[in-house]
Amino acid sequence: MVQKARKGNVTANGQDEIRRDLSPTGGHIASWRHPDSPADGAINIERYIEWAQIAEKAKFDLVFLADNLGLKDADVSDLSRTASSIMFIEPITALSAVAMRTSKIGLVATASTTYTEPYNLARMFASLDHISGGRAGWNLVTSAQPTEAENFSLDKLIDHGVRYERAEEYADVVFGLWDSWAKGALIRDKESGHYFAPDGMKRLNHEGEFFKVRGPLNVMRPPQGAQRSSRPVHPVRV
């Protein structure tokens, strides 16, 4: 089965990050037909786990799952000949399973800022970061297929400029929610009866052009933290 090994971002020590794209049925549009390709790979979680374990053993930095939220607007006869972008497990769900059978490799999932809410997404990625012990990564996209819009009560795709303005604010909200809890706020003090330190919680109280979010996030601070810099840090946004 053909998989893709790619150079990604440059790490803080100047080295290239090497990633493996988890294309469930292979990297070619017709690779599902190859004799050695598992035709059920897209919905068989054991295949995702196997590929991630191979990449981890080979010292790859991360595995990456692409995503979209609808089928392409194409002739159904043409669509019927490929498994690409049609039959696969939702990325955060798949990588949560992969996290339980790997220990070091980064787990990057694609998620759209156009068809999700910041609170839900912040909660899901914070959960994946906890499940994986601090290995979650977010590939932020705004979605560009008209058919995706039609799956979310819209008649057409939101204008490019608006999508990206919305995405900027969206990311600010998500990073703010990840910072809802101070480091060490979860004290679980049975003597005092405090599960968390009251002064360790802060509400976001964000009010912007596109979003109004009170906070705090009801998932504790992600293991990677919530710092943000010119190269966003944790949980990693790629």
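Brief remarks on what is shown
- Scattering profile of the range 53-102 at q = 0.13, 0.29, 0.31 Å⁻¹ [log10 I(q)/I(0), Debye over alpha-carbon scatterers]: -0.45, -1.14, -1.22
- Applying the Karplus relation 6.51 cos²θ - 1.76 cosθ + 1.60 with θ = phi - 60° to the range 135-145 yields 3J(HN,Hα) values of 10, 6, x, 10, 8, 7, 10, 10, 6, 10, 8 Hz, where x marks Gly and Pro.
- Projected onto their three principal axes, the Cα atoms of the range 83-193 cover extents of 57, 32, 21 Å, largest first.
- Taking 7 Å steps out from each Cα toward its Cβ at residue 189 and residue 73 produces label points 6.0 nm apart.
- Net charge of neighbours whose Cβ lies under 13 Å from the Cβ of residue 207, counting Lys and Arg as +1 and Asp and Glu as -1: 0
- A Förster radius of 25 Å combined with the Cβ-Cβ distance from residue 145 to residue 46 puts the calculated FRET efficiency at roughly 0.25.
- Site pair residue 196 and residue 28 shows an inter-label distance of 5.1 nm when each label is modelled 7 Å from Cα along Cα→Cβ.
- Residue by residue, the range 122-132 carries 3J(HN,Hα) couplings of 4, 5, 5, 6, 4, 5, 4, 5, 5, 4, 8 Hz when phi is fed to the Karplus relation 6.51 cos²θ - 1.76 cosθ + 1.60 (θ = phi - 60°); x denotes Gly or Pro.
- Debye log10 I(q)/I(0) at q = 0.10, 0.16, 0.17 Å⁻¹ for the chain, Cα point scatterers: -0.54, -1.22, -1.32
- In this structure, the amide hydrogen of residue 139, modeled 1.01 Å from its nitrogen in the peptide plane, lies closer than 5 angstrom to those of 109, 110, 111, 238, counting only residues at least 5 positions away or on a different chain.
- Helix 160-178 vs. the chain, principal-axis angle (Cα, 0 to 90°, nearest 10): 50 degrees
- Apportionment of accessible area to carbon and sulfur, the range 51-192, percent (1.4 Å): 52 percent
- What the pair-distance distribution of the range 15-82 shows, using all Cα-Cα distances binned every 10 Å from zero, is 18, 44, 29, 9, 1 percent.
- Dividing the summed helix terms, -39500 (n - 2.57) for each DSSP H run of n ≥ 4, by the number of residues in the chain produces a 222 nm estimate of -8000 deg cm²/dmol to the nearest 500.
The values are calculated or read from the model by the stated rules, or taken from the named source; none is laboratory data. Just so it is clear, the model here is predicted, and its values are computed rather than measured. Positions of Cβ are backbone-derived with ideal geometry, glycine not excepted, and every protein chain shown enters the neighbour counts. Side chains included, ligands, DNA and RNA excluded: accessible areas come from the protein's heavy atoms. Shrake-Rupley method; radii C 1.70, N 1.55, O 1.52, S 1.80 Å.
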